[in-house]
Every structure is written in structure tokens, then in C-alpha cells.
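Engineer: A single structure is presented below for examination.
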Amino acid sequence: MKYERDPERIRRVLGDKVQFIQGDIAVAYGGLLAGVGFFGGYPITPASEVAEGMARMLPRVKGTFIQMEDEIGSMAAIIGASWGGQKTMTATSGPGFSLMMENYGYAIMTETPCVIANVQRTGPSTGQPTLGAQGDMMQVRWGSHGDMVAIALCPSTVQECLDMTIECFNLSEKYRHPVVLMTDGEVGHLREKVIIPDEDEMELFERIPATIDKDKFIPFTNSQTRDSKVPDFPAFGTGYRTYVTGLTHNKMGYPATDKQKDHEELITRIITKITDDREILTDVEEIELEDAEIAFVTYGASARPAESVVRMGRKNGIKIGMLRIKLAWPFPRRVINELSKKVNTIIVPEMNLGQMVHPITEYADAGCKIVSAQKIGGEMHLPDELYKILEAEL
Amino acid sequence: MKEMMNANELRKKYLVEDMMPTIFCNGCGHGNALDYVFWAMEELELDLDKVAFTSGIGCSSRIPGYINADGLHTTHGRALAFSTGLKAARPDMDVIVFTGDGDCTGIGGNHFIHAARRNIDITVILLNNFIYGMTGGQQAPTAPIGSIATTSPYGNIEQAFNICELAKALGAAYVARWPVSHPYQPIKSIKEGIQKEGFALIELMSPCPTAYGRRNKLGNIEKLWQWYDDNTILMEEYDKIMDYGTEEEKEAIKSMIQIGVFQDEEKPGFFEAYDELVDRLIEIDDKKAQGGK
């Protein structure tokens, strides 16, 4: 049977409005609320709970859950189902995310909406399966071969796991791009209170379906019905008879493997359809920045100890503030540049050996000192550790 | 019986003229296979708006681009995983996969195993030409022992993959193998495969004179077609000789490639089973909802 979102059934399956749950389960809740009709997944720590949640809930709302043979297959299946016109999702962690890179690139090239939750753990390779990390922040941006951009969101709380999963679907549908929730083992396994938004408390964006005359429809070019670089979506089975290929293709979707202009035009469009909206996409939280002289720039789990340090510092009269990046890619260039002109020093705590500190350095004013506060091995920074780093910069 | 179309009418209905000419070399069997699929669809009177063609990478995987229907030309070896998702989203559509021996059983072997094991309701047209043709003639998992390829320049020493036997062991609903050199059996099997609930595999032996034939003294297409006749045997014939033949007769056929219908079973496809599961859960949930808490 073909999936149709049924709010009443979804809410019946989700249960109480206020719950105390894990981040991973909140991701599954977010997917269900957004209207996911197909989930393909493969077991992997610390992301398995997302698939388990989907296996439990999705059949009860008439959606399809399949445990695929591997993460390559999971990614492939969600793209196939997306061309069938459904909202689709998978969840994984580092080793699986590496396997997904092949079809992540395919989804980018073919402008296929879908959502991936990457519950990050340490790496490279198998690393520390049960422990959180933020080591894939560059992989999500650059991991596929060729020129690409990413849309990636970083939740810091369990509530954000739910809310941002919905947001991932909205952005994915809007831009026809695979959108990645870059959560991690800490937030994924953390239990916190979540409030399930009511129907009227959520905004859901659906991909714009192709509607114009079939003979006049051009599948891979600017929208023919709106002022947008995102083409209207000709779901399979709707009579548009669209050919979809990962090869460089012309506007009609036919392979154009030896044509420089076609390649340039295609890749430029699928990148700028997102980067043109950098300002619209920018999503940051500012804490105590009004008079700050020094600031943390954080994202995801690392924001939690950093926020404590801001409170500690303020108590002790230190003019410390924090900028929390909620949407990491496309990178919020302007916000970082403006902050760097306001404060003397930016400290970037990360659970890796320095990843987001690179674009921060790239877009910060040369007069601002950038400090990379690194911690690996599957442990978060303790507030005391961060406080010492802060003190050293005063 | 439906009135037969001539080849030109068939071409007009099913082919994308903008994509002509095809990438296929002279003597390639893939065009024959495509033709057989057209005949099968025509006889089944399929609505082209409700059929999707998927493929991976390789010469055979270019075929969906030539068909006037929805087509998903995916990554190398992954077509069956993509198709699994597509079929889940659109169970009302027929999904027909074009794949090659390297695509399906080399890089895509794992997806093949699991799509067949799950009995996913799709039809797989596997064009086996014993070689990686598009990349210039490297050794395939299906290459006969002793055959020459650019990466087995001194002759292949690996056992060839028996794809149909594997699919049969995995419980695929329908499994058949035919050379493209005779049209009627392939067309019949393609029809049966499309109509079958569950996973249908039709392996078509398709000659590649350019990348395989030339290096193996079979560059002339007539020789390749003759090779099929000399080296294949109907499975019923094979069994008969193995049961009742003389030692000489057995020796003569033991390394021949068996052709025919390997498996033809009625059993629920994956999505039928899934729908039953959903119905069961919905019934329980609805009962609970009606009865209050």
C-alpha cells in the first residue's frame, strides 16, 4: 500500500505529549512526525535505536521499515523510495556513514530529497563504537568525490534531535538535497525531557510536485513554475517518464558525459541552489554575546559544557559569551566574521582534533585569535577543563 | 491474441529517439534483450506510466535511458537496493531492473543475495556477457575458466559464478536462463517474470564481440552465437543424460551451461508479507483505540 501521512495514527503511536526519552528515539519521533514513509537501516552503535524505533512504530502508521543488507543498500533504498514520492530516511554512525558516501553523492547529483541521521562516534575505522565524537563534520561536507555542498544540522539536546529531524526533512524537501542530522553518541544516548509538538506547532514542507504539461516539462533545470533553482519533482509513476542518472546530465536528464558546459551548468546549479540561501539557512544561538570580549563557538554536544563555562565565567566577571551553530553547513560565514570583529578571541571546543575550527578561521577577521580546544577518545570536555582553557586566554 | 505491432511501431512506442544511437557495439546482444522486453511488455499490455526501469553501471545498465518510461540509472551494483525502496514506495508499479554480470554479481553481489532472499517483487533482467565490457574487457565473476580478459591475460583460473543456481537456492520465485540468440524463450520468461509475485531473475546470455569475443577467438558474432548453441544445454536434457546417459554422453555435457526455467514458484513476495504485518498491527491498534485506554 502507498504511504499517506496520518497525523492521528502517528500521535497514537508516539503516545504522551511530554516524555523522557533518548536522543536516538527522538530522531525517530521527528521522522515520524515529519511524515517519513520509508526507512531503510542497518544496525550500528550508537545509532541502532533510531532503526529500532522505526521498526516498532513505522508499520503501525502504515509506513515501510526494511533492515537492509548494509549501509550502502540503506542509502540506495531511501533514494529509490524518494523517487517513488515518499519522504525517506536512514540513520547510521561513522563506519556506515563512510559506506553511504557513494549514494550520498548520488542523491546530491540526482537532487533526491532524503534524510540521514549520523550519530557520530570516534574513528577512523571502527574506533570506539559506544562513545560519542564530532569527527565527521568534514566528511559530511566533503565526503563524496567531486564538487558538492552539504546541508547539516547539529542538535545539542534531545528536544533538538526531534525538532531538527523535522527541520532536516523540510530542508531536504525544499532543496531536493540529502540533509544530514549530525548528532553524536552523547546526545544520541542522552535521556531528556521532550515535548512532542502538536500539528499546529509544526511546519512541514513538501517537495513541489511537477504539474506542468508533460511535453513541456524539463526535469533538471530551474523550476518552470517558480523563481527557484530547485526543479519541480516528477515522482515516478506520475507520467512524467523521467530518466534519473548519476552521470552528468543535461536539462532533460540525458547523459552528457563529454560536455564541459553541461557539467558546469549542472553542478553550479545544484550547489548555488543551496549556497544562494546561505543567509536564510543560517541558524545560530547567541548566549551572552552583547558585551562579550571572548567567545566560544560551539555546536552539538560540545555546546553543553561550554554553556556551563559561560555561566561560570559570567559569575566571575569574565566577559565571555557563546555562539552555538545549529546549522553547520552551509557554513554561517557572515555571523562568524561579525563575531570575530567584536571579540578578541574565539575558542572552538570540539570532540575531534579540530574540524569546524577551519572554516571558523577561514571566515574570521585576521585580528581575532582562534583557539582550538580539542578532546578525543569519546569523552566530552568537562566544564573545568574548558574553564582552564578560557582562563589561559584572558 | 493482441494484434502484433511491427518493429517500427514498437520502436516508436517504447524507445526514446533523442537517446539514439545507443552506446552498443556491433554484434552486442543487449539490443536483442531490450527488444525482447518490449515484446513482453507489449504482449502484457503494460502501461508505461506504471513501469519503472532501474539499473546500475555498465553497458546493460544504460538500457533504461533508451526506454520511454521512468528510469533510475544508479550506482555500480546497487540497482536492486534502490529498487527495493522504489517498490516499497510504489507497490502499484512494476519495477524492472537491467543489470550486468559484473554489476549484479561482482560489486552488487550482496544486494543481489538479499533482494532474492527477501523475495522482493521486482523483475531482474541480467545480461551476462562474461566480461566488464564498458571499462574495456576486464575479468568478470562469470568468466569461463581459461577465458582471456585484460586483467586475466594468461587465462582465467577462477570458477564462474552460477547466478541462477544461487538465486534458486535463495528462494527467488522465478529463475530462468536463456541465450539471446533465440527470441521466444526469453520473451516468454520475461513475461512470466513480470507477472510473478516476488523476485524474478531472467539471466540472458548476451554476446560481447568487442571486449570478450575478440580476445577469445569469438570476435565474429556468428561464432559467438554458435558458441552458445555448442555450449548450452536445456536443463531437462541435461538431467536426462545425467540420469540415463552413457559415461561418454555425461562427460560431453558436464561443463555445458544449462538453460531453461530453474525455478517457478507461487509464494508471497516481500511486500505482500509486509502488508499482512501492517494489517495485523493496524487491527490491534484500532481495536485498542475504540475500546478506550
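Here, each number is a calculation from the coordinates, and none is a lab measurement. Remember, it's a predicted structure, so these values are computed and weren't measured experimentally. As a convention, Cβ positions derive from the backbone with ideal geometry for all residues, glycine included, and neighbour counts pool all protein chains shown.
Engineer: If I model a spin label as a point 7 Å beyond the Cα along the Cα-Cβ vector, how far apart are those points for A:Thr130 and B:Glu236 in nm?
Structural biologist: If labels sit at A:Thr130 and B:Glu236, their model points lie 6.1 nm apart.
Engineer: Going by how many other Cβ atoms sit within 10 Å of their own, how do A:Glu4, A:Glu111, B:Glu272, B:Glu42 line up, fewest first?
Structural biologist: Details: A:Glu4 11, A:Glu111 21, B:Glu272 15, B:Glu42 18.
In order of increasing Cβ crowding within 10 Å: A:Glu4, B:Glu272, B:Glu42, A:Glu111.
Engineer: Okay, moving on. What Kirkwood hydrodynamic radius, in Å, does the range A:216-311 give when the mean of 1/r is taken over all pairs of distinct Cα atoms and then inverted?
Structural biologist: Details: mean 1/r = 0.0583 Å⁻¹.
Over the range A:216-311, the inverse of the mean reciprocal pair distance is 17.2 Å.
Engineer: Same structure, new question: With labels modelled as points extended 7 Å from the Cα through the Cβ direction, what inter-label distance (nm, one decimal) is found for A:Asp147 paired with A:Lys388?
Structural biologist: Here the modelled spin labels are 4.6 nm apart.
Engineer: Now, a different point. I need the Debye-formula profile for chain A: one equal scatterer per C-alpha, no solvent, reported as log10 I(q)/I(0) at q = 0.07, 0.09, 0.10, 0.15 1/Å, two decimals.
Structural biologist: Calculated log10 I(q)/I(0) at the listed q: -0.32, -0.53, -0.65, -1.33.
Engineer: Follow-up question, since we're still on this one. Most fluctuating residue of B:Asn129, B:Asn231, B:Asn32 in a GNM of chain B with Cα springs under 10 Å: which is it?
Structural biologist: B:Asn231
Engineer: Additional query: Any idea how far the Cα center of the range B:17-39 sits from the one of the range B:185-264, in Å?
Structural biologist: Between the Cα centres of the range B:17-39 and the range B:185-264 lies a distance of 21 Å.
Engineer: I would also like to ask the following. Could you give the semi-axes, largest first, of the ellipsoid that matches chain B, computed as the square roots of 5 times the alpha carbon gyration tensor eigenvalues and rounded to whole Å?
Structural biologist: Working: eigenvalues 236, 109, 72 Å².
With the √(5λ) rule applied to chain B, the semi-axes are 34, 23, 19 Å.
Engineer: Okay, next question. Most mobile of B:Thr105, B:Thr151, B:Thr84 per a Gaussian network model of chain B (Cα springs, under 10 Å)?
Structural biologist: Top of the fluctuation ranking is B:Thr151.
Engineer: Further question: With just the Cα atoms of the range A:88-155, tell me how far they stretch along each of the three principal axes, in Å, largest first.
Structural biologist: For the range A:88-155, the Cα extents along the three principal axes come out at 34, 24, 18 Å.
Engineer: Report, in cubic angstrom per residue, the convex hull volume of the C-alpha atoms of the range A:136-242. Don't skip to the end; give the middle numbers.
Structural biologist: Numbers: hull volume 15.8 nm³, N = 107.
In the range A:136-242, the Cα hull volume divided by residue count equals 148 Å³.
Engineer: Moving on. Convex hull over the alpha-carbon atoms of the range A:7-199: what's its volume per residue in Å³? List each step's numbers first, then the result.
Structural biologist: Values: hull volume 18.0 nm³, N = 193.
Dividing the Cα hull volume of the range A:7-199 by its residue count gives 93 Å³.
Engineer: Another question, then. Taking each residue in B:274-280, count the Cβ atoms of any other chain within 10 Å of its Cβ, then average. What number comes out?
Structural biologist: So the per-residue partner count for this stretch is 3.
Engineer: Counting only Cα, what are the radius of gyration and maximum Cα-Cα distance Dmax of the protein assembly as shown, in Å?
Structural biologist: 27.8, 100
Engineer: Sorted from fewest to most neighbouring beta carbons within 10 Å, what does the list A:Val284, A:Val18, A:Val158 look like? Mind showing how you got there, number by number?
Structural biologist: Working: A:Val284 16, A:Val18 9, A:Val158 27.
Ascending number of Cβ neighbours within 10 Å: A:Val18, A:Val284, A:Val158.
Engineer: Here's a follow-up. Quick check on the exposure proxy: order B:Thr232, A:Thr245 from fewest to most C-beta atoms within 10 angstrom. Working shown, then result.
Structural biologist: Details: B:Thr232 21, A:Thr245 24.
Placing the least packed residue first, the sequence is B:Thr232, A:Thr245.
Engineer: Further, regarding this structure: Arrange the peptides B:12-22, A:250-260, A:164-174 so that the one whose residues have, on average, the most other Cβ atoms within 10 Å appears first. Write out the running numbers ahead of the final one.
Structural biologist: Values: B:12-22: 13.3, A:250-260: 15.2, A:164-174: 24.9.
My ranking of the peptides, most packed first, is A:164-174, A:250-260, B:12-22.
Engineer: Return the percentage of antiparallel bridges among DSSP beta bridges fully within the protein assembly as shown, rounded to the nearest 5 %. Walk me through the numbers before you get to the answer.
Structural biologist: Details: 22 of 90 bridges.
Within the protein assembly as shown, antiparallel bridges account for around 25 percent of the total.
Engineer: Go ahead and estimate [θ] at 222 nm for chain B from helices alone: -39,500 (n - 2.57) per DSSP H run with n ≥ 4, summed, over the residue count, rounded to 500. Working shown, then result.
Structural biologist: Details: 10 runs with 112 residues, N = 293.
Counting only the DSSP helices, I get -11500 deg cm²/dmol.
Engineer: What residues have an amide H closer than 5 Å to that of A:Ala328, excluding those fewer than 5 places away on the same chain, when H is modeled at 1.01 Å from N in the peptide plane?
Structural biologist: Close amide H contacts, sequence-distant or interchain: A:Ala152, A:Leu153, A:Cys154.
Engineer: Residue by residue through A:101-109, how many Cβ atoms from other chains fall within 10 Å of the Cβ on average? Could the numbers behind the result be given before it?
Structural biologist: Working: counts 0, 5, 5, 0, 1, 6, 0, 0, 1.
Taking the mean over all residues of the peptide, I get 2.
Engineer: Another question, if that's okay. For a quick check, take a GNM of chain A with Cα springs below 10 Å and name the residue from A:Gly94, A:Gly185, A:Gly246 with the largest mean-square fluctuation.
Structural biologist: Maximum fluctuation in the GNM of chain A, among the listed residues, is at A:Gly246.
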